[in-house]
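Student: Pasting a structure below so you can have a look.
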Amino acid sequence: MSFVSSPLHMLERARSAFDVKTLERVLNFGHQGGFVPQEYDVDAHTGFFPPEPLPKLTAEFSIWEEALEKAQGLLYLASNQTEEAVSMRPQGECWRDAVRSWPILDTGSFSSNIRLLQRAHLVLAWVLHFYAHSIPKTYHIPTPRFSFLAPSPFRLPSAVDEQHPIPECVFRHRTETERGFYTVSAAVELKGVEMLQIIEAYMNLPNVTESTAIVKIGRDLVALAKIVKDLTEIFASVRDTIDPEAFFWLCRPWWNGSEVKGSQPGWIYEGVPNSASLDLAGPSAGQSSVMHALDIFLDIDHKLTQKRQPAPTEANKKSEQGFMERMRKYMPGKHREYLARVGAVPRSVREVARTTPSLQEPYNEVVAALKRLRDIHIRIACLYIVNQSTKTPPTASGVAADDVKKAADGHARGTGGNQTTILLKAGRDATQRAMLMDA
């Protein structure tokens, strides 16, 4: 399909941009001894993705890999009442029995290999979701202690191109909808590599008020606005390959995290004290490190700590203002350090633009492009989540209409458990308030 070529095209553009960056370094255009993204496990070609597919675990941990492979053909959502799903439940229970019988393995060997550590987390996270979503929510979930050694988000393990395809192990249905969702997510991350290079260049400027630096910042802001517009096109392309009904009813339930409802706990980890207090939200677009990097670089105030116009609405104030910060808890530690380093720059690009008339317009163009991206994101969320949440489940889902539980407050929620439209509109409005009003 025509959609598949888009991420590859974006990857090639990212690589071309990297070639220019390499040339600048060879010619000593950069500031020596400054900000080096590679120190934060941010790759020059693939950004926050590992540069190569994560290797399979060694034989010692083969029971984890084998369990994940078997799960795909055995397990169905607990809510699925189709004849096929019901007939497979005895085999599903055998699979869960095997997981419950796992020995506690020594994970010390992962301490010297971050890629194996990430692979182990990926495998166990998927096993956990297969386990939890195929049984009644009242069950306790035993889990290997390894899961708590390196918390990180539910991520794709590698870049997506002909040499590095999405591993089949992350698919439950192997449908075009599921593949399309992962591909779009990966394309956004890879296109974002170009943004990271602009951020790196700014961080390494010895004097951001120097005339030559001002020229470069202006040129980079123009380029950044174009990149954000390209990201918006990638976001919008989901409608080409991702079916809203299949996404909401067949794929999305497997990604939901543990949601605590009132006095009812979410997933309980046997042997883990206070496991109900752990951060166990499902994967969310809010966990994208590359989008966090862009927000921090532009000084988008999601926490409403700065006095900007227009004033936040009542709905903005009711939204979870610490959402973005909370989502960083799901990121790898090095990536959190990267974001903290970008946020600690002495003068933000917004501050420089505010005091430099020639930069105000290009800065505002970037903000306007990001606001437009978030407008599109809201529309997509309405199409794929809000609208579907009000419809009758399709026959293929095996969910009876009477069994569909609506949110008590009437708001559709994302996989991370948040009120979808309220949260996204708050993010969009926070972006709008970053505009420099005297431009």
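Student: Just to be sure, is LYS216 farther than 25 Å from ALA344 by Cβ, outside the structural domain of TYR76 (by TED's automatic domain parsing) and not in a loop (DSSP other than H, G, I, E, B)? Even if it seems obvious, please write down each step before you answer.
Tutor: Details: farther than 25 Å from ALA344 by Cβ: no; outside the structural domain of TYR76 (by TED's automatic domain parsing): yes; not in a loop (DSSP other than H, G, I, E, B): yes.
So LYS216 fails the test.
Student: Output the residue which, of all residues in region 290-345 that are in a loop (DSSP other than H, G, I, E, B) and of a type in the set (A, V, I, L, M), is surrounded by the fewest Cβ atoms within 10 Å (Cβ to Cβ).
Tutor: ALA344
Student: Pairs only if they're at least six apart or on different chains, beta carbon under 9 angstrom, first in region 84-104 and within 17 Å of HIS133 (Cβ to Cβ) and of a type in the set (Val, Ile, Thr), second at pLDDT below 95 and open to solvent by 40 Å² or more (accessible area, probe 1.4 Å); list them, first residue then second.
Tutor: Close Cβ pairs (under 9 Å, with a partner that is at pLDDT below 95 and open to solvent by 40 Å² or more (accessible area, probe 1.4 Å)) amount to VAL86/TYR76.
Student: Another one. Select from region 307-320 the residues that are touching a residue at least 60 places away in the same chain (Cβ under 8 Å) and over 18 Å from the mean Cα position of the chain (by Cα) and list them in ascending order.
Tutor: Answer for region 307-320, where residues must be touching a residue at least 60 places away in the same chain (Cβ under 8 Å) and over 18 Å from the mean Cα position of the chain (by Cα): ARG308, GLN309, PRO310, PRO312, THR313, ALA315, ASN316, LYS318, SER319.
Student: Shifting gears a bit: Mind checking which residues of region 75-88 are touching a Pro at 6+ places or on another chain (Cβ under 9 Å) and either open to solvent by 40 Å² or more (accessible area, probe 1.4 Å) or in a helix (DSSP H, G or I) (or both)?
Tutor: SER79
Student: GLU351: of a type in the set (D, E, K, R), open to solvent by 30 Å² or more (accessible area, probe 1.4 Å) and under 27 Å from GLY218 (Cα atoms), yes or no?
Tutor: yes
Student: Filter region 227-256 for residues that are outside any helix (DSSP H, G or I) and acidic (Asp, Glu) and give the result.
Tutor: Listed by number, the list holds a single entry, ASP243.
Student: Filter region 360-394 down to the residues that are under 17 Å from ILE227 (Cβ atoms) and either among the hydrophobic types (A, V, I, L, M, F, W, C) or in contact with an Asp or Glu (Cβ under 8 Å, 6 or more places away or on another chain) (or both) and list them by number.
Tutor: Selection gives VAL366, VAL367, ALA368, ALA369, LEU370, LEU373, ILE376.
Student: Output yes when any residue across region 197-218 is closer than 30 Å to LEU74 by Cα and crowded, with 19+ Cβ neighbours inside 10 Å, and no when none is.
Tutor: no
Student: What residue, of GLN72, GLN91, is at pLDDT below 90, over 19 Å from PRO332 (Cβ atoms) and part of a helix (DSSP H, G or I)? Don't jump to the end; show me each part of the working.
Tutor: On the way: GLN91 fails: at pLDDT below 90.
The match here is GLN72.
Student: Right, here's the next one. Of the conditions (1) among the charged types (D, E, K, R); (2) open to solvent by 20 Å² or more (accessible area, probe 1.4 Å); (3) part of a helix (DSSP H, G or I), ASP279 clears all except one; give me its number.
Tutor: Every condition holds for ASP279 apart from (3).
Student: Something else now. From the list ARG379, ARG328, ARG341, which one is under 30 Å from GLU245 (Cβ atoms) and of a type in the set (Lys, Arg)?
Tutor: Matching residue, one of ARG379, ARG328, ARG341: ARG379.
The values are calculated or read from the model by the stated rules, or taken from the named source; none is laboratory data. Not measured: the values here are computed from a predicted model. All Cβ positions, even for glycine, are placed from backbone atoms using ideal geometry, and neighbour counts span all protein chains on display. Surface areas here come from the heavy atoms of the whole protein model, side chains and all, with no ligands, DNA or RNA. Shrake-Rupley method; radii C 1.70, N 1.55, O 1.52, S 1.80 Å.
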